[in-house]
1. When the distances between all Cα atoms of the stretch 1-106 are binned every 5 Å from zero, what whole-number percent does each bin get?
2. Go ahead and estimate [θ] at 222 nm for the chain from helices alone: -39,500 (n - 2.57) per DSSP H run with n ≥ 4, summed, over the residue count, rounded to 500.
3. Could you do me a favour and compute the accessible area per residue for the chain, 1.4 Å probe, result in Å²?
4. Please list, by residue number, everything in the stretch 250-282 whose backbone N is under 13 Å from a paramagnetic label point 7 Å out along Cα→Cβ of GLU222.
5. So how much slack lies between GLU27 and GLU238, counting 0.36 nm per residue of separation and subtracting their Cα-Cα distance, in nm?
6. At a temperature of 20 °C and a viscosity of 1.002 mPa s, determine how fast the stretch 53-119 diffuses translationally according to Stokes-Einstein, using the Kirkwood radius over alpha-carbon pairs as Rh; express D in µm²/s, rounded to the nearest whole number.
7. Work out, step by step, the length gained on full extension between ALA53 and ARG107: first 0.36 nm times the residue separation, then minus their alpha carbon distance; give nm to one decimal.
8. Starting from 0.36 nm per residue, how many nanometres of slack lie between ASP84 and ASP115 once their C-alpha separation is accounted for?
Amino acid sequence: MRIDLHAHSTASDGTLRPAQVVEAAVEAGLDVVALTDHDTTSGWAEAQAALPAGLTLIRGAELSCRWYNGSDSIGLHLLAYLFDPSDAALAAELERVRESRERRAERMVELLRADGIDASIEEVRGYAAGGTIGRPHLAALLIRRGLVGTVSEAFAPEWLGARYRVRKEDIDVFRAVALVRAAGGVPVFAHPRASVRGRIVPDSLIVELAGAGLLGLEVEHEDHSPAERVHVRELAGELGLLVTGSSDFHGANKTVKLGANTTDPQEYQKIVELAHGLEPVR
Ligand code: AMP
Ligand code: FE
Ligand code: FE
Ligand code: ZN
């Protein structure tokens, strides 16, 4: 069984449509794929309708969260699997984050324009094509203007990494864990050691989150070094958390291929058994 539990489509910042993601999953030799777009469930129906025979779809999302620690705070991502999308509290929170992403994109466009860069929110919205708007869509504008060559270059500090970065209003991570559990879902901390993307949280927070209902840690991820994978796996063992491995596929917005990292079948079974919001789609 080849299981990849983290993939993005045009419903957020991936470049393949949901229907194309499930086709690509079959080509990549996967038996199970999870669609985990940022702060939205809007890609699920298309993926489900296009689901090829023999492939199982896990409906999920990746929640933009934040750990508030006194006057400091650190952003982090929480994967949520098989939650009930009609849960009103969780749906409202996702809607609020998407709205905040819109306002943030507008402000980032203003900052670019203030520096003489030809930018408009309409053009950025065009790249987002109705999906959750994010920095990769601003990266598309910078590439179009010839200011950077790749999405990855657009995340350098002089661009979207710091200079033109505006903070969005993320979900308090403890609230997110509670909301996902209340909606019958399984919360898994995405790439907890991905220091290439920004600051990472201390292990003490992961211990607290495990006490607050977190159920798993993403171990096998391209942003984790071999030593970090060993460390996160050991931490999960100590805390009784399940472990996953995933590509975090984003189509052409990242170089990683679907199935580049995979989840152990026993760990996948734990997710299915712990969830009571939705069933896998076969
Ligand atoms: P946002 O959620 O709008 O702040 O944008 C974050 C998204 O940008 C992540 O989910 C990745 O898809 C992408 N991203 C972050 N860092 C990089 C990077 N260094 N290179 C390419 N894409 C990145
Ligand atoms: Fe992304
Ligand atoms: Fe992420
Ligand atoms: Zn992701």
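1. All Cα pairs considered, the percentages come to 2, 12, 21, 22, 18, 11, 8, 4, 2, 0, 0.
2. Working: 10 runs with 108 residues, N = 282.
Roughly -11500 deg cm²/dmol at 222 nm, from the helical runs in the chain.
3. On the way: 11770 Å² over 282 residues.
In whole numbers, the chain has 42 Å² accessible per residue.
4. 250-262
5. Values: separation 211, 0.36 × 211 = 75.96 nm, distance 3.65 nm.
Additional length available on full extension: 72.3 nm.
6. 143
7. On the way: separation 54, 0.36 × 54 = 19.44 nm, distance 4.41 nm.
Difference between extended and current length: 15.0 nm.
8. Values: separation 31, 0.36 × 31 = 11.16 nm, distance 4.39 nm.
Between ASP84 and ASP115, full extension yields an extra 6.8 nm.
The values are calculated or read from the model by the stated rules, or taken from the named source; none is laboratory data. No experiment lies behind these values; they were computed from the predicted model shown. All Cβ positions, glycine included, derive from the backbone under ideal geometry; neighbour counts span all protein chains shown. Ligands, DNA and RNA are excluded from the accessible area calculation, which covers all protein heavy atoms including side chains. Shrake-Rupley method; radii C 1.70, N 1.55, O 1.52, S 1.80 Å.
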